[in-house]
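Engineer: I'd like to ask you about the structure that follows.
Since every read-out is calculated from the coordinates, none of them should be taken as a lab result. No experiment lies behind these values; they were computed from the predicted model shown. Reconstructed Cβ throughout: ideal geometry from the backbone, glycine too, with neighbour counts over all protein chains shown.
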């Protein structure tokens with residue numbers, strides 16, 4: 001009896017050891033497990049020379065439909081500070097006909113990528129010499145019941161937390177050519193969600209809103225609500241929608257109202273789907289923000305599902321100060337239903 005118990009304990013111990021064993025691969029390797037860590041060569045040592053690095057991710061089962069990639073550590077070359085394009089270092093994620101590009105500092109971020117029958121390829125192209133890079137990514141293969149909702153590049157599942165645009169740094173630059181959804185799973189008993197900037201300086205999308213509108217006005221294009229051109233010629237994000245300026249790069253939040261968090265101000269603002277410039281609260285002009293010292297605000301919505309759309313257009317040098325192109329960091333909190 002004692003021998004049998006020892007055998008059972010040994011088997012359990014062995015299974016625990018096997019299940020907890022960390023599977024790691026690097027350049028030239030393949031991912032064929034439900035949880036694998038992909039690291040830079042010599043991690044955690046830094047890479048300071050040009051190189052190419054490729055990893056292949058294969059489905060472990062036909063039920064797998066999505067990959068979750070957690071960037072535990074991710075630091076490669078920054079994008080061009082004027083255009084936001086990853087024109088030196090870049091990570092290319094290819095799944096079928098879709099390619100996703102990433103560069104800069106993204107530690108703590110994550111993305112969801114659909115995987116079809118063909119393997120997903122992960123390619124690092126590191127071209128610069130005077131940079132120090134490193135990465136550690138956790139790749140989890142997900143079945144259909146575990147996947148993020150369709151169209152969500154990022155999926156946050158907590159009642160409250162922080163969300164950031166990719167490559168968010170106080171001295172960084174948001175990435176051009178990105179159009180994606182940050183989704184938040186609605187918790188039981190919660191009917192609305194509130195967003196507010198992490199700090200007074202944590203919302204910087206494309207510089208002055210007024211300057212962006214002047215740029216769009218000069219393009220002389222009329223568009224429909226869906227963004228398709230009606231008359232005139234032109235392309236890209238410089239557009240006019242029924243006489244209302246549209247930001248070149250913008251954040252879109254389905255909303256009910258905006259409220260400015262300032263002493264003595266308890267009046268709800270006007271809901272504006274589009275947010276850009278130097279404040280999340282886009283219903284107040286930049287000059288008003290400066291004169292009234294309003295740098296934070298509160299945006300609340302009960303529109304379902306909870307999500308934010310990040311819509312950054314093609315990279316171009318608009319002459320805007322780099323300090324006004326850092327991106328977005330927001331606190332979010334789900335709010336209970338009111339009976």
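Engineer: So how do 43, 312 line up by other beta-carbon neighbours within 10 Å, fewest first?
Structural biologist: Numbers: 43 16, 312 24.
The order, fewest Cβ neighbours first, is 43, 312.
Engineer: Need one number: % antiparallel among DSSP beta bridges in segment 81-190, to the nearest 5.
Structural biologist: The antiparallel fraction comes to roughly 70 percent.
Engineer: A further question follows. Could you list 82, 98, 164 in order of exposure, starting from the residue whose Cβ has the fewest other Cβ atoms within 10 Å?
Structural biologist: If I rank by nearby Cβ atoms, fewest first, I get 98, 82, 164.
Engineer: Note the full-extension length gain between residue 179 and residue 43 as 0.36 nm times their separation in residues minus their Cα-Cα distance, in nm to one decimal.
Structural biologist: Contour length minus Cα-Cα distance gives 45.8 nm.
Engineer: A further question on this structure: Using Cα pairs under 8 angstrom and six or more residues apart, how large is the relative contact order of segment 24-147, in percent?
Structural biologist: Once normalised by length, the contact order is 40 percent.
Engineer: Here's another thing I want to ask about it. Calculate the FRET efficiency for residue 62 and residue 101 from the Cβ-Cβ distance with a Förster distance of 25 Å, rounded to the nearest 0.05.
Structural biologist: The computed FRET efficiency comes out at 0.30.
Engineer: From the Cα gyration tensor of segment 107-146, with a ≥ b ≥ c the square roots of its eigenvalues, which class applies: rounded if a/c is under 1.5, or else prolate if a/b is larger than b/c, or else oblate?
Structural biologist: Here segment 107-146 falls in the oblate category.
Engineer: Rank the residues 134, 51 as a footprinting-exposure proxy: fewest other Cβ atoms within 10 Å of their Cβ go first. Kindly include the intermediate steps, with their values, before the conclusion.
Structural biologist: Numbers: 134 18, 51 13.
Result, fewest neighbours first: 51, 134.
Engineer: Pull out a ≥ b ≥ c, the square roots of the eigenvalues of the alpha-carbon gyration tensor of segment 11-154, then state rounded if a/c is under 1.5, prolate if not and a/b is larger than b/c, and oblate in the remaining case.
Structural biologist: Note, shape of segment 11-154 comes out oblate.
Engineer: Sticking with this structure for a sec: Among rounded, prolate and oblate, which fits segment 70-205 when a ≥ b ≥ c are the square roots of the eigenvalues of its C-alpha gyration tensor, a/c under 1.5 means rounded, and a/b larger than b/c means prolate?
Structural biologist: Values: a/c = 2.06, a/b = 1.18, b/c = 1.75.
Oblate.
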